[in-house]
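**Q** After the structure tokens below, expect a handful of questions from me.
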Amino acid sequence: MPRLPALLFLLSCLIISTHVSAQDLINAEEREAAHFERLYNAQFVIDVSPDSALQRYLDLEIFYDEFSDSLKMRYLIDREFTYFRLGMFDECIDDLAEALAISERNDLKYAEEVYLGFGHLYYAVDSMDLALPSYRKAISLAKASLDTGTLIPTYDGIANTFQELENYDSAKHYFLQGIDLSFASGDTMNLTNLEANYATLLYDLGEVKDAIRYQESVLNIEKIKGDSVDFIFSHANLGRYYYDIDPEKSQRHIDTAFSLAHNMELVDYQRELNFGFSEIAEYHGEYEKALKYYKAYDEIEKRQLNQDMMDRLKGWEITLDNQQKDAEITLLQEVNAYETRQKRMLWFGVGSLSLVLCLVAWLAMQLQKNKKQLSSQNEELSALNETKDKFFSIIAHDLRSPMIALQGVGQKLDYFIRKEKFEKLLEVGGKIDQSIDQLNHLLNNLLNWATSQNQSIPYHPEVLNAKALVEENMELYKSLAEAKQVNFENGIEDAGIYADINTAATVFRNVLSNALKFSPENGTISISSEHKGQNVLIKVTDQGQGMSPEQVAALFSRSSKSNVGTRGEKGFGLGLKLCQEFMDLNKGSLQVYSKLGEGTCVELSFPKAV
């Protein structure tokens, strides 16, 4: 008795088995995230356009060596299915063999999917003796790993294999195993596929009522899911199953199948339905009905052939038309070329003269441009030399002060020790610390400034705790603050910022140093923080003499002069300009607010850590 092609079950079960959940790869390392996303997206193109899906997989092949073994397995299994859909069976074998080798190195992970692929491949080439052990191996591995998603389509595959081998009891056994497992796991897609295949087997074995029961179960599930295309197959099968026992109901299902195919404009489905039912009618001796179905099939076939022929004729017409147009274009090109040669000599003299005039004009413009450029460069060089002279003056002056402070220290220490003037010893020690701190701070700024000028400041941003960073740098100035009797008020919160630790620390040191420098004795330096949009603001406020608007405006000039602190401390001349450059590097900002006699507030804005 004729039946629907046996390979229909294979395509449907393969479609189900290859749409694997991405959960196995969601926890993959970040470096594989982009590759995984492309691989996962490629799966959804397979049903629509296997050729496009294959191209996506081939494009991903250049990254194959970067994949982890798990991602390589997923890639090979999915690409093998795409090759299978395109009938490229040799490539299927290569991918499955490579996937199996990787699986054996990783405790047989995904091995059940590989053996399922081998089973489908052998079934497709009618090698049932090889398909059977492959399916059995897949079942064993899927049970061991509790892989229900692979086990269900494997039951379907081995059941169809036994059906082809005419071992119907085993086929029934595995169909029912798959149906029970699909129902228990709520897998309606596999459930409808298994019940439809089982119904076909029952019908072929003459168990028509049971076949109808299972096929109607499939139809009910499809109605709930709204799978309108699948309705066609279910109604067609029910039309075939009812053919002998209830002709009226059979015809209703047949008419419904044709109506659905017609309404959805599925011409291929209409053709196959007519051909299939013509064979069924002929088998039952209803030759008039068989002829009717066959004529409808033949009409569609001829119409499609005619359409193909019309498409070819249109293609030939377009080709001939293009050839004629090409010939006309070639002739016109030859005529134009002749006319061009005639005109060329006429215009050659004019063109040569114009070229000479243009060249002279261009040279004059270039000369003027070069003069302006040289003048601009000379002005810039003069400005740089002036700044350089000031810079070296600052170096000479500021380095001299702490070094002079250290001169004669040894003699003083010897004298105070002999005289047992320990208070004086402590005072000298404080001055030594202050001079060394000043010297070290200046040298750090000079080094940072020089590397900044060469554009070689390393920038490695990370999440930092602003409070910890400020407190760490406050410790560097603790002794100087105590010597000057300046109190630090740390009101900063635990706030995460995203910045380079070295440049951020340099900024904090400069700002704290300036605040300490200009704070009066018994003064207070307040440090606070607040959140503002996507930034964290850190404010350092002193009670110093403050600055005029003109002084604030000149702070960030490279040629700005250093000022003397409240106890005669020498400035470093480079600090705030360097801080501004480092804040720009960290995608932040630096603002100074000050009034004469009211102190100064330096506001640092850092990107908030996400």
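The values are calculated or read from the model by the stated rules, or taken from the named source; none is laboratory data. What you see is a predicted model, and the numbers here were worked out from it, not measured in a lab. A quick note on method: Cβ atoms are made from the backbone with ideal geometry, for glycine too, and the neighbour counts reach across all protein chains shown.
**Q** Being of a type in the set (Ser, Thr, Tyr), out of contact with any Pro (no Cβ under 6 Å at 6 or more places or on another chain), under 29 Å from residue 198 (Cβ atoms) and assigned to a helix (DSSP H, G or I): is that true of residue 269 here?
**A** When the stated conditions are applied, residue 269 passes them.
**Q** For the range 590-602, what are the residues that are crowded, with 18+ Cβ neighbours inside 10 Å and either closer than 11 Å to residue 515 by Cβ or not polar (S, T, N, Q) (or both)?
**A** 590, 592, 599, 600, 601, 602
**Q** What number goes with the only condition from (1) within 25 Å of residue 305 (Cα to Cα); (2) of a type in the set (S, T, N, Q); (3) modelled with pLDDT of 80 or more that residue 274 does not pass?
**A** Unmet condition: (3).
**Q** Scan the range 196-246 for residues that are modelled with pLDDT of 80 or more, in a helix (DSSP H, G or I) and not hydrophobic (A, V, I, L, M, F, W, C) and report the count. Even if it seems obvious, please write down each step before you answer.
**A** From the range 196-246, those modelled with pLDDT of 80 or more are 196-224, 232-246; that's our starting set.
Now restrict to residues that are in a helix (DSSP H, G or I): 196-204, 208-224, 232-241.
From what's left, not hydrophobic (A, V, I, L, M, F, W, C): 197-198, 200, 203-204, 209-210, 213-217, 220, 222-223, 234-235, 237, 239-241.
Qualifying residue count, the range 196-246: 21.
**Q** Could you grab me the full set of residues in the range 497-538 that are more than 11 Å from residue 486 (Cα to Cα) and out of contact with any helix residue (DSSP H, G or I) (no Cβ under 8 Å at 6 or more places or on another chain)? Full working, then the answer.
**A** Of the residues in the range 497-538, the ones more than 11 Å from residue 486 (Cα to Cα) are 497-514, 527-538.
Hits for the range 497-538 are 498, 499, 502, 528, 530, 531, 532, 533, 534, 535, 537.
**Q** Also, I was wondering about something else. Has the range 213-235 got any residue that is out of contact with any helix residue (DSSP H, G or I) (no Cβ under 8 Å at 6 or more places or on another chain), free of Cβ contacts under 8 Å to residues at least 40 places away in the same chain, farther than 22 Å from residue 182 by Cβ and not hydrophobic (A, V, I, L, M, F, W, C)?
**A** The answer is no; no qualifying residue exists.
**Q** For the range 466-521, list the helices (runs of 4 or more DSSP H) that sit wholly inside it and hold at least 2 residues that are modelled with pLDDT under 90 and buried (at least 23 other Cβ atoms within 10 Å of the Cβ); which are they?
**A** Details: elements: 466-476, 478-483, 501-517.
Ranges flagged: 501-517.
**Q** Still on this structure, I have one more. Among the listed residues 103, 140, 134, which satisfies the condition of being assigned by TED's automatic domain parsing to the domain that holds residue 189, surrounded by fewer than 22 Cβ atoms within 10 Å (Cβ to Cβ) and not in a loop (DSSP other than H, G, I, E, B)?
**A** Just one listed residue meets the conditions, 140.
**Q** Please indicate, with yes or no, whether at least one residue in the range 88-97 is aromatic (Phe, Trp, Tyr) and under 21 Å from residue 162 (Cβ atoms).
**A** So far as the range 88-97 goes, no, none of its residues is aromatic (Phe, Trp, Tyr) and under 21 Å from residue 162 (Cβ atoms).
**Q** Right, next: I'd like to check something: does the range 247-263 contain any residue that is surrounded by 17 or more Cβ atoms within 10 Å (Cβ to Cβ) and at pLDDT 85 or above? Explain how you work it out, then say what you get.
**A** Going through the range 247-263, the residues surrounded by 17 or more Cβ atoms within 10 Å (Cβ to Cβ) turn out to be 250, 253-254, 256-258, 260-261.
Adding the requirement that they be at pLDDT 85 or above leaves none.
No, because not a single residue in the range 247-263 is surrounded by 17 or more Cβ atoms within 10 Å (Cβ to Cβ) and at pLDDT 85 or above.
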